[in-house]
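Comments concern the structure below.
The values are calculated or read from the model by the stated rules, or taken from the named source; none is laboratory data. Predicted model, so just to flag it, every value in this text is computed and none were measured. We place every Cβ from the backbone using ideal geometry, glycine too, and count neighbours over all the protein chains shown.
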Amino acid sequence: MTDPDTTTAPHAHSEGEAPPHTTPDAAPLTLTEGIRTKLGTAPAPLKFAEVKKGLTKAKKQSASDFEVEIRRLLDEEVRDGRAFVYPSGKEGETRYWSRDEKHAIREEALRLAATPAPLADLKKKAGAVAKGADAGFVETVLRDLIAGATLFEHPPKKPNGPQLLGTKEYRHPNDKPAVTEALLAAAEAPLPLKDLVKAVVGTTKADKEFVGSVAAELIGAGQLHEHAPAKGKTPLYGREKQDPLHFLNVDPGKKAFAGLVAAADKVIKAVSGVTIDQILHRLRAALVDRPTPPPAPEPDAVVKPPHPHELTSEKIRKGLKDAYDELCLDVEFQDKVVEIPRLFHEAARVLPGLTVHQFHRELQSLQHDHGVELQAINEVQRAKEPELAIHHGCRLLYFVVWK
């Protein structure tokens, strides 16, 4: 017995019946569409050969004409802003992409450099966003960021370690403007000087001695004001002048004044209709008729930092030159390259009252007038008394040569 025929015969359409829906083959991409698709879907920039691969050449078109046509279309895409081209391949080979390769590397580098990192690490990791990018091309992008003050140089974490790059400008811990700002902020509420210094060392990581010297300058300049101690004999320092009636805010004045307020309150409750103004008037009259009490004894004198003597610019410059000449007699400085901290100590000996601020100001002014040359120290960690040297960006100007 034979099996029945199960083959489906073509459906016959009766007159007026629509034929079944059929999907026609998709039209082939044009050469332009093919290039755009390749560049838009590529995970990384493409070399010309990679762009060309898989594109369909027109019939009877020579291979050389086909390449010329592709290059022409690529140039149009770049000109119209739909594609980007950079010599980012090995040995400067041109690569194409729908993304801006240089911008992508820049953005990744800035993201990574939020925490300062060595150039080699940034180059490797930032270049990974454009796989196959030549290391030299990536480094050029990073160097442009440094030149444009978007990436900043930071000192190494360890001695002899690689220099770091970060997105924020480096500030040495002993940065005078930063320490000054921190001291004034910490002194919003008056504190003992040692507590002010401790707080600022904690927030800025500056040297304790340096913070102390800046605080002394602020006191001498009238920017930090002495306040009477709440108790004991240790004075406080605040950024605002003390309230003239401060003695009523601390004992024994505070307690006595509270008693006066309580007594006045009893009078108001005991005498119907009496006003505060009437009580104050009677109290003032009663106190005026009383003998004036002797003045309260002065608290133990507080030793204040000495005010710098009046030193003119001319006098300071002469003193610096004399101190420099004296140091150059020492065999240690026979090459005429003198350490700035040593110069300060020698100058302070002949210029009593010389402050670090005056010292730095005159040295920098002399450099501007081409009177001296200030030189940086390469290994900052080896500097002695760096707070007496001059901090310039991420460099520490540590030596002076008189011209």
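Of note:
- Test: residue in segment 346-365 that is free of Cβ contacts under 8 Å to residues at least 24 places away in the same chain, surrounded by fewer than 17 Cβ atoms within 10 Å (Cβ to Cβ) and over 30 Å from Leu193 (Cβ atoms): no
- Residues that are surrounded by 15 or more Cβ atoms within 10 Å (Cβ to Cβ), aliphatic (A, V, I, L, M) and touching a residue at least 40 places away in the same chain (Cβ under 8 Å), drawn from segment 117-137: Ala117, Leu119, Leu122, Ala130, Ala133
- Listed by first and then second residue, the pairs linking a residue in segment 175-191 that is closer than 18 Å to Pro235 by Cα and outside any loop (DSSP other than H, G, I, E, B) to a residue that is of a type in the set (Gly, Ala, Ser) and at pLDDT 90 or above, with Cβ atoms under 7 Å apart and 6 or more places separating them unless they lie on different chains, are Ala186/Ala199.
- Tallying residues that are over 12 Å from Glu339 (Cβ atoms) and either assigned to a strand (DSSP E or B) or among the basic types (Lys, Arg) (or both) within segment 372-389 yields 3.
- Qualifying residue in segment 211-218 (condition: touching a Lys or Arg at 6+ places or on another chain (Cβ under 8 Å), of a type in the set (A, V, I, L, M) and buried (at least 18 other Cβ atoms within 10 Å of the Cβ)): yes
- Search result, residues across segment 390-403 that are surrounded by fewer than 16 Cβ atoms within 10 Å (Cβ to Cβ) and part of a loop (DSSP other than H, G, I, E, B): Gly393, Lys403
Per-residue answers, yes or no, for (1) in contact with a Phe, Trp or Tyr (Cβ under 6 Å, 6 or more places away or on another chain); (2) of a type outside the set (Asp, Glu); (3) closer than 18 Å to His392 by Cα:
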{"residue": "Glu139", "(1), (2), (3)": "no, no, no"}
{"residue": "Ala149", "(1), (2), (3)": "no, yes, yes"}
{"residue": "Pro162", "(1), (2), (3)": "no, yes, no"}
{"residue": "Glu169", "(1), (2), (3)": "yes, no, yes"}
{"residue": "His172", "(1), (2), (3)": "no, yes, yes"}
{"residue": "Ala189", "(1), (2), (3)": "no, yes, no"}
{"residue": "Lys194", "(1), (2), (3)": "no, yes, no"}
{"residue": "Ala199", "(1), (2), (3)": "no, yes, no"}
{"residue": "Lys208", "(1), (2), (3)": "no, yes, no"}
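- Subset of segment 97-111 that is charged (D, E, K, R) and farther than 23 Å from Glu153 by Cβ - its residue that is farthest from the chain's Cα centre (by Cα): Arg99
- Filter pass, Leu165 being crowded, with 16+ Cβ neighbours inside 10 Å, within 30 Å of Ala104 (Cα to Cα) and without any contact (Cβ under 8 Å) to a residue 40 or more places away in the chain: no
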